[in-house]
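Since every read-out is calculated from the coordinates, none of them should be taken as a lab result. Computed from a predicted model, the values in this text were never measured in an experiment. Using ideal geometry, Cβ is built from the backbone for each residue, glycine included, and neighbour counts are taken over all protein chains shown.
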Amino acid sequence: MKAVKNQVDPHFTLNILNAIGSLYASEISRDKADYIFAKYAKLIRQTVISSDQIVIPLAEELEFVRNYIDLEKFRCENSFDYAINIDKEVDLQTKIPRMLIHTFVENAIKYAIRSKSEGGLLKIVVITKDNTCQIIVEDNGPGLESSGASNKGTGKGLLILNELIELYYRLEKVKISYTLQNITGQANTVAGTRAVIEVPQSTFKS
């Protein structure tokens, strides 16, 4: 579980700190530096507070993910946009394993969004459907085969997530599942990747 505690990639941390330092070195960028540093401080605070927790509320995971995306957008010089849409029926106190959404978002940015110099798009949608909380993460990158990912979870992040999901099942007796697939565009071309996570409705209950 050591890898779980290291939720923030060390390279990500170093890059952010270097970027913030450069902003502080410029008198005209102090306000922006303060804003980015506040985002980073929130991210680290959440990581430290929940370092020994396997189960966290959906709201907490979404807040972490939003701060993470804002920092990555800063790192990528605003080369991509994102949207997080949450259905009003969703219970934000739903219990989920930590890193459940973050893992897919991190992969989307690393393997899809960064491959585009501009026009990148990341979408997160959270809805209730068929007695489940359904979380959808989409990007407009090159697709699964180009990124080296697969729907069997071959990446290191997904392997760790699979272990977390299994541990979560032993703790909560709730089986979370997910699928990965290419998004089909015009003329049957690949227009991105979609991850669909399903959390059974029984996890809504405390």
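Site pair ALA38 and ASN131 shows an inter-label distance of 4.5 nm when each label is modelled 7 Å from Cα along Cα→Cβ. Across the cross-link table entries LYS110/LYS173; LYS39/LYS110; LYS95/LYS175; LYS123/LYS173, which are compared at the Cα atoms, the separations over 24 Å belong to LYS110/LYS173; LYS123/LYS173. Taking label points 7 Å from Cα along the Cα-to-Cβ direction, THR189 and SER177 give a separation of 3.3 nm.
Each Lys and Arg Cβ is given +1 and each Asp and Glu Cβ -1; about its Cα centre, region 2-204 then shows a dipole of about 380 debye.
Peptide packing for 12-23, 53-64 was compared via the average number of neighbouring C-beta atoms within 10 Å per residue; ordered from the highest value, the list is 53-64, 12-23. Counting only DSSP H runs of at least 4 residues, each contributing -39500 (n - 2.57), and dividing by the residue count of the chain, the helix-based mean residue ellipticity at 222 nm comes to -14000 deg cm²/dmol. Hydrophobic, long helices, defined as DSSP H runs whose alpha-carbon span along the helix axis is 27 Å or greater and whose mean Kyte-Doolittle value is at least 1.0, do not occur in the chain. Label-to-label distance, LYS156 versus LEU17, with points set 7 angstrom from Cα along the beta-carbon direction: 1.9 nm. Counted over the chain with a bin width of 5 Å, the fraction of Cα pairs per bin, in whole percents, is 1, 7, 15, 18, 20, 17, 11, 6, 3, 1, 0.
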